[in-house]
Amino acid sequence: MSLTGFQQADILKTERIPCLGPMGEASWLPTPDGVVIISQTCDVVRDSKEYLQVAPLIRLIGNAARQAGKGAMPGYVLVPEAGTDTFADLDHVATVSKHHVALLVPQRGVASTQALRLFGMRVGRRFSRFAFPDAVSEWLQPLKGLVIDKAGRATSALGRVLDERVESLRLECSPSWDDGAPYELTLLVVVKPGLLPVLHEGQPPPSASAALSRWLWDGEGSLIRKPAAIAEKIVEASPSTSLADRLWLWECFAESLAATCRPPTSALPDIANAVAGGEFSSEVATAREVAYERILRSEEIDLEHLSPPLPR
């Protein structure tokens, strides 16, 4: 059955879709706003494939719509051409026959190739996210909350740095997740090319200026600034700002993000003791500097407003 002209993210007007009930019985889910195709376009148009997957369209309001639009609710994927409040509900995916789909008239759910790519990426992430150990997820919640709260805010320096300059936040476990707790964890902040000075192999990092050193660290060398304050300095940096100061601002920005990763004070011992040394280490690098091998052994922290995941 050919569906030439159909593609992923197309909207189909149908009043219900088949779903499996709790005992495996067939049931029908009402879809008053229609459904959206979530299968990849190549599978949609391929004659050898007899079925495709769709998800119902639902409308969210208020804070739920804002959070889902930022990626804080990965079970929902925005379908922009249907409205800023309309999302694919990935908790209720149905497999349907192409013979039935061929009787329907598709409407575009996205208006550009870039929007289609973003839709496909977010659908894929819903089903391919790495499952961090539950205890580690508790440590990550403050970081996720901070990033999601500031993302998309043009008036926030932290939001601008995260939206415009950070490619990805990744978590690296040494030597392996399989070794169990306590985990030795490194937060890897991957930034866009050209933002970090290039150091030659074996070259020690240059020292920060005296003024920046006094601002960043206390007398014992401990970082005293939070992500928002360091982000303001990064945004305010001018061409006259030394390469050394730019480097240390980024290094400390990564460290400050890692420092937000803490479990609740009421956490049970298996959570409180899940991370070796009681803290994450940190590192910052550009996307060009991160070796492919390192990408394979680190995991993307699921924050969908950031750039698409690095290749695997």
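Results, tabulated for the structure shown:
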{"item": "Scope the stretch 66-79; condition touching a strand residue (DSSP E or B) at 6+ places or on another chain (Cβ under 8 Å) and surrounded by 15 or more Cβ atoms within 10 Å (Cβ to Cβ); matching residues", "result": "Ala68, Gly69, Tyr76, Val77, Leu78, Val79"}
{"item": "Only one of Gly24, Gly34 that is modelled with pLDDT under 95, on the phi > 0 side of the Ramachandran plot and not assigned by TED's automatic domain parsing to the domain that holds Arg153", "result": "Gly24"}
{"item": "Only listed residue being surrounded by fewer than 16 Cβ atoms within 10 Å (Cβ to Cβ) and out of contact with any strand residue (DSSP E or B) (no Cβ under 9 Å at 6 or more places or on another chain), chosen from Ala115, Ala157, Ala131", "result": "Ala131"}
{"item": "The stretch 4-18, residues that are closer than 15 Å to Gly109 by Cβ and hydrophobic (A, V, I, L, M, F, W, C)", "result": "Phe6, Ala9, Ile11, Leu12"}
{"item": "Filtered residues of the stretch 163-212 (kept if charged (D, E, K, R), under 20 Å from Ala228 (Cβ atoms) and without any contact (Cβ under 8 Å) to a residue 60 or more places away in the chain)", "result": "Glu164"}
{"item": "One residue from Ser48, Ser39 being in contact with a strand residue (DSSP E or B) (Cβ under 7 Å, 6 or more places away or on another chain), in the same structural domain as Ala115 (by TED's automatic domain parsing) and part of a loop (DSSP other than H, G, I, E, B)", "result": "Ser39"}
{"item": "Any hit, the stretch 271-281, residues being loosely packed, with under 14 Cβ neighbours inside 10 Å, not in a helix (DSSP H, G or I) and not acidic (Asp, Glu)", "result": "no"}
{"item": "Condition check for Val54: crowded, with 22+ Cβ neighbours inside 10 Å, out of contact with any Asp or Glu (no Cβ under 8 Å at 6 or more places or on another chain) and either outside any loop (DSSP other than H, G, I, E, B) or among the acidic types (Asp, Glu) (or both)", "result": "yes"}
{"item": "Residue among Glu232, Glu251, Glu236 that alone is farther than 16 Å from Trp217 by Cα, acidic (Asp, Glu) and surrounded by 15 or more Cβ atoms within 10 Å (Cβ to Cβ)", "result": "Glu232"}
{"item": "Output for the stretch 231-284, where each listed residue is under 22 Å from the mean Cα position of the chain (by Cα), within 22 Å of Asp179 (Cα to Cα) and among the polar types (S, T, N, Q)", "result": "Ser281, Ser282"}
{"item": "Residue that is nearest to Glu289 (Cα to Cα) [pool: residues in the stretch 208-218 that are in a loop (DSSP other than H, G, I, E, B) and touching a helix residue (DSSP H, G or I) at 6+ places or on another chain (Cβ under 6 Å)]", "result": "Ala208"}
{"item": "Failed condition for Pro74, given (1) modelled with pLDDT under 90; (2) assigned to a helix (DSSP H, G or I)", "result": "(2)"}
{"item": "Exclusive hit being modelled with pLDDT of 95 or more, of a type in the set (D, E, K, R) and in the same structural domain as Ala154 (by TED's automatic domain parsing), set Glu289, Glu279", "result": "Glu279"}
{"item": "Elements of type helices (runs of 4 or more DSSP H) in the stretch 99-190, at least 3 residues being at pLDDT below 95, closer than 24 Å to Thr286 by Cα and not assigned by TED's automatic domain parsing to the domain that holds Gly277", "result": "113-128"}
{"item": "Positions within the stretch 248-273 being in contact with a Leu (Cβ under 9 Å, 6 or more places away or on another chain) and of a type outside the set (D, E, K, R), in sequence order", "result": "Trp248, Leu249, Trp250, Cys252, Ala254, Ser256, Leu257, Ala258, Ala259, Thr260, Cys261"}
{"item": "Qualifying positions in the stretch 219-268 - outside any helix (DSSP H, G or I) and more than 22 Å from Pro142 (Cβ to Cβ)", "result": "Gly219, Glu220, Gly221, Ala237, Ser238, Pro239, Ser240, Thr241, Ser242"}
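The values are calculated or read from the model by the stated rules, or taken from the named source; none is laboratory data. Owing to the predicted nature of the structure, the values given are computational and were not obtained by experimental measurement. Here the Cβ is made from the backbone with ideal geometry for all residues, glycine too, and neighbour counts use every protein chain on show.
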